[in-house]
């Protein structure tokens, strides 16, 4: 049951807009990418997201894992990993990645949805 919820969130997050309008610190992934990632990493992130949209989750996961290693404070890499893990049916690593995403981007536009999914999973 929890796996289906996480998988469903993976689908929702995959297409959710990345523009944040929150009450405190605004997290805007587009600005983060533009201002904090070198060009090579920007291109890798675009490729990873494209692969996610094409349902090529194993390939996308490899890219997102590399990005997370190279840029451990980049929320988008952890979000991408979480989506891939969820879509591959790997709930435990998906939840770990979602938690890291929330730690790094607590004001992201999808943060409350992610928190809900993590809470459901932890109640199982």
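At a glance:
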{"read-out": "Entirely in the stretch 56-109, the helices (runs of 4 or more DSSP H) that have 1 or more residues that are at pLDDT below 95 and more than 10 Å from the chain's Cα centre (by Cα)", "value": "75-87, 91-104"}
{"read-out": "Cβ pairs under 7 Å, 6+ apart, first in the stretch 95-124 and without any contact (Cβ under 8 Å) to a residue 40 or more places away in the chain, second surrounded by fewer than 16 Cβ atoms within 10 Å (Cβ to Cβ)", "value": "102/115; 104/73"}
{"read-out": "Helices (runs of 4 or more DSSP H) wholly inside the stretch 1-55 containing at least 2 residues that are farther than 24 Å from residue 90 by Cβ and at pLDDT 95 or above", "value": "39-53"}
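Here's the yes/no breakdown for (1) surrounded by 20 or more Cβ atoms within 10 Å (Cβ to Cβ); (2) in contact (Cβ under 8 Å) with a residue 24 or more places away in the chain; (3) in contact with a strand residue (DSSP E or B) (Cβ under 7 Å, 6 or more places away or on another chain):
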{"residue": "46", "(1), (2), (3)": "no, no, no"}
{"residue": "58", "(1), (2), (3)": "no, yes, no"}
{"residue": "72", "(1), (2), (3)": "no, no, no"}
{"residue": "80", "(1), (2), (3)": "yes, yes, no"}
{"residue": "87", "(1), (2), (3)": "yes, yes, no"}
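The values are calculated or read from the model by the stated rules, or taken from the named source; none is laboratory data. These figures come from a predicted structure and were not determined experimentally. FYI the Cβ positions are ideal-geometry reconstructions off the backbone, even for glycines, and counts take in every protein chain you see.
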